[in-house]
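Chemist: One structure follows; several queries about it will come next.
The values are calculated or read from the model by the stated rules, or taken from the named source; none is laboratory data. Everything numeric in this text was worked out from a predicted model, so none of it was measured. When we count neighbours, we look across all protein chains shown, and the Cβ atoms used for this are built from the backbone with ideal geometry, even at glycine. Remember, those area values only see protein heavy atoms, side chains included, never the ligands or the DNA or RNA. Shrake-Rupley method; radii C 1.70, N 1.55, O 1.52, S 1.80 Å.
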Amino acid sequence: MATADDAESRAERAVTDLRRAGGFERENLLVMTTTGSGWVDPAAVDTFEYLGAGDAATVAMQYSYLPSWLSYLVDQSKARQAGRELFDAVYDVWSKLPPEQRPRLFVAGESLGSFGGETAFSGEYDLRNRTAGTLFAGPPNFNTLFREFSDQRDPASPEIQPVYKDGRTVRFTGDPAAGMPPADRPWDGARVLYLMNPSDPIVWWSPSLALTEPDWIGQAPGDDVLEEMVWLPFVTFWQVTADLPFSTGVPDGHGHTYKTAYVDGWNAVMRPEGITAQDLDRLRAVVRPDSG
């Protein structure tokens, strides 16, 4: 934050440092939008580097001094600007490189970072055409593209696991190890994957909960959501609101905690060669919070 007064200048500084470190000479390059005061989940970056066989670089930049939950409430505009400026600055350099010398360009973000990461893109085609793949975890309900993809999902698919345009580019899952539907449809080209636990209140919280019943309440619940969950005016809104501050203090794979999901998520998006099921098991043990 102290390096420059505006997001565009900070993004330029970040890209200058990325070039100095040889980031554009790596095989895989990740643009990561942070949360809060600049935090990036080590599980996301570590997994990206492992599956890239170490031939990888990641660039990110701080946009706030506030912790994540406060940024979530008051710094959305800063996250939006930071996500757009950083990707555009990286893409400007990347696009001018000879095609055979360009790294594979990926985008990722968790929570408010996914919100910021989305803002560099206009939609599905833009994500597919300008990246080699995208991984967003725990997207807030107000994310523009997330809401577009979810609201325009195929009618037969549930809100907790929507299917958008037959899954041709964008897919959703709470458990990537179990698959990313639709399993019977091709998933060619750049892949965009959203990780979202059914019990993650950040994904499902919305002011509209106060007066409007969401689709996910009336549909079959996720595997870690009580079947007794019902919608009541105002009551459900405050129930989900009360869950927000505690959503990260829960076991991996529940609430707003995404750790081992990054292993199968990045494996699906990056499609590295030579990675075995045993390799993925070992990697899960590395990134698992309780692995010691």
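Chemist: Using the Karplus equation 6.51 cos²θ - 1.76 cosθ + 1.60 (θ = phi - 60°), what ³J(HN,Hα) coupling, rounded to whole Hz, does each residue of segment 99-113 give in order, writing x for Gly and Pro?
Modeler: x, 6, 10, 7, x, 6, 9, 10, 10, 8, x, 10, 6, 4, x
Chemist: Taking Kirkwood radius over Cα pairs in Å as the quantity of interest, determine which of [x] 21.1; [y] 22.6; [z] 19.4 was computed from the displayed structure.
Modeler: For Kirkwood radius over Cα pairs in Å, the calculated option is [z].
Chemist: With a 10 Å cut-off between alpha carbons and a GNM built on the chain, which of PHE142, PHE24, PHE246 moves the most?
Modeler: PHE246
Chemist: Let me ask something additional. How much length is gained if the chain between THR3 and ASP166 is pulled fully straight, taking 0.36 nm per residue apart and subtracting their Cα-Cα distance, in nm to one decimal? Write down the numbers at each step before the final one.
Modeler: Details: separation 163, 0.36 × 163 = 58.68 nm, distance 4.45 nm.
Gain on extension, THR3 to ASP166, equals 54.2 nm.
Chemist: Put +1 on the Cβ of every Lys and Arg and -1 on every Asp and Glu Cβ in the chain; which of VAL225, PHE121, PRO158 then has its Cα farthest towards the positive end of the dipole?
Modeler: Value: PHE121.
Chemist: If you don't mind, there's one more thing I want to ask. Run the numbers for ASP215 and VAL93: contour at 0.36 nm per residue of separation, minus the present Cα-Cα distance, in nm.
Modeler: On the way: separation 122, 0.36 × 122 = 43.92 nm, distance 4.27 nm.
The span from ASP215 to VAL93 would gain 39.7 nm if fully extended.
Chemist: Working with all protein chains in place, sort TYR125, TYR65, TYR91, TYR194 by solvent-accessible area computed with a 1.4 Å probe, largest first.
Modeler: Values: TYR125 120, TYR65 160, TYR91 55, TYR194 0 Å².
Putting TYR125, TYR65, TYR91, TYR194 in descending order of accessible area: TYR65, TYR125, TYR91, TYR194.
Chemist: While we're on this one: Give the accessible surface of the chain per residue, rounded to a whole number of Å², with probe radius 1.4 Å and ligands, DNA and RNA excluded.
Modeler: Values: 13550 Å² over 292 residues.
Per residue, the chain has 46 Å² of solvent-accessible surface.
Chemist: Same structure, new question: Name the residues whose placed amide hydrogens come within less than 5 Å of the amide hydrogen of LEU135, ignoring near sequence neighbours (fewer than 5 apart) on the same chain.
Modeler: Distant-sequence amide H within range of LEU135: VAL107, ALA108, GLY109, LEU193.
Chemist: Name the most mobile residue of LEU145, LEU135, LEU86, meaning the one with the largest mean-square fluctuation, in a Gaussian network model of the chain with Cα contacts below 10 Å.
Modeler: LEU145
Chemist: Between ASP279 and ALA178, what is the FRET efficiency for a Förster distance of 22 Å, r being their Cβ-Cβ separation, to the nearest 0.05? Let's see the in-between values first.
Modeler: Details: r = 18 Å, r/R0 = 0.84.
Plugging the Cβ-Cβ distance into 1/(1 + (r/R0)^6) gives 0.75.
Chemist: Let me ask something additional. With every protein chain left in place, what is the accessible area of VAL93 in Å² (1.4 Å probe, nearest 10)?
Modeler: Only protein atoms counted, so the area is about 20 Å².
Chemist: Also: Computing the accessible area with a 1.4 Å probe over protein heavy atoms, can you report the carbon and sulfur percentage for segment 215-292?
Modeler: Carbon and sulfur together cover 57 percent of it.
Chemist: Now for a separate question. Given a 1.4 Å probe and heavy atoms of the protein chains only, how would you sort ARG147, ARG185, largest accessible area at the top? Write down the numbers at each step before the final one.
Modeler: Values: ARG147 45, ARG185 110 Å².
Ranked from most to least accessible, the order is ARG185, ARG147.
Chemist: Here's something else I'd like to know. With θ set to phi - 60° and the Karplus curve 6.51 cos²θ - 1.76 cosθ + 1.60, what are the ³J(HN,Hα) couplings of segment 76-90 in order, to the nearest whole Hz, using x for Gly and Pro?
Modeler: For segment 76-90, the Karplus curve yields 4, 5, 5, 5, 4, 5, 5, x, 5, 5, 5, 5, 4, 5, 5 Hz.
Chemist: So, with +1 on the Cβ of K and R and -1 on the Cβ of D and E, and no other charges, what is the size of the charge dipole of the chain about its Cα centre, to the nearest 20 debye?
Modeler: Values: 25 positive and 42 negative charges, 153 e Å.
For this selection, approximately 740 debye.
Chemist: To test your reading of the geometry: what angle, between 0 and 90 degrees and rounded to tens, separates the Cα axis of helix 42-51 from the longest principal axis of the chain?
Modeler: Helix 42-51 sits at roughly 60 degrees to that axis.
Chemist: Something else now. Specify which residue in the list ALA242, PRO42, GLN62 is farthest towards the positive end of the charge dipole of the chain, using unit charges on the beta carbon of Lys, Arg (+1) and Asp, Glu (-1), about the Cα centre.
Modeler: Checked the options; the winner is GLN62.
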